[in-house]
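Shown next, in structure tokens, is the structure this report addresses.
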Amino acid sequence: MAIVRELWNARDRIAQRRDVSPGKVLSDTAIVEGGLAVPANVQALSALPGFGHRMGRRQLEQWQGVVDRAKALPDSELPQPGAAVTGPPPPRSWADKDPTAAARLSAARAAVSALAEELGMPQENVITPDTVRRVCWEPPKDATPDAVAASLASYGARQWQIELVAPLLTKALTATAAA
């Protein structure tokens, strides 16, 4: 996992510096193959899918250096498997786990969708679906406009998004609570 993480991060830094898509620097498949194979040297790395014939010797040495650094990490810096997942469960399971939350989400999605259509904007630009899910899964104790706005802000919503969406979400949260 450390090799995958280090290859991923190195790829992102290189892509950002070159101003290209990360996949053009190194494919996801190559990253996974590098993590699974734990190549001992450049020759072993070059035999892996994604690192082969088109990649120059200098690039291969660079990627092998990343692999070697990952292998040398102390145990305290290794990724820990099974870390707790934060955030709400997948929406398809909400009806079984918490029908009230599912109703809140349905009402919130309908309101955001209507607003997005009215504004001629994609829904995900009006407010990210993840933010809506999080607010609907764990709404503020008192679903007042200020509390909903604070909740949206805590999830990274921009001020203009909060101004547009907070009243809609407040209505969706309070309507389902009353039902």
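Within segment 71-99, count every residue that is over 29 Å from I3 (Cα atoms) and surrounded by fewer than 13 Cβ atoms within 10 Å (Cβ to Cβ).
The qualifying residues number 5.
Within segment 121-128, is even one residue part of a helix (DSSP H, G or I) and either in contact with a strand residue (DSSP E or B) (Cβ under 6 Å, 6 or more places away or on another chain) or over 19 Å from P91 (Cα atoms) (or both)?
yes
Among what's in segment 133-169 and is buried (at least 20 other Cβ atoms within 10 Å of the Cβ) and touching a Ser or Thr at 6+ places or on another chain (Cβ under 7 Å), pick the residue that is nearest to A107 (Cα to Cα).
V135
Just for helices (runs of 4 or more DSSP H) wholly inside segment 13-68: which have at least 1 residues that are under 17 Å from I3 (Cβ atoms) and charged (D, E, K, R)? Steps first, answer last, please.
Details: elements: 22-25, 28-37, 42-46.
Fully inside segment 13-68 and qualifying: 28-37.
Which residue is surrounded by the fewest Cβ atoms within 10 Å (Cβ to Cβ), if the candidates are limited to segment 5-34 and must be more than 14 Å from P49 (Cβ to Cβ) and in contact (Cβ under 8 Å) with a residue 40 or more places away in the chain?
That would be R5.
State yes or no: is A108 over 17 Å from the mean Cα position of the chain (by Cα) and without any contact (Cβ under 8 Å) to a residue 40 or more places away in the chain?
Working: over 17 Å from the mean Cα position of the chain (by Cα): yes; without any contact (Cβ under 8 Å) to a residue 40 or more places away in the chain: no.
Here the answer is no, as A108 does not meet what is asked.
Read the figures in this text as sums done on the coordinates, not as results from a lab. This one's a predicted model, so the numbers in the text were calculated from it and none came from an experiment. Virtual Cβ from ideal backbone geometry, glycine too; neighbours counted across all protein chains shown.
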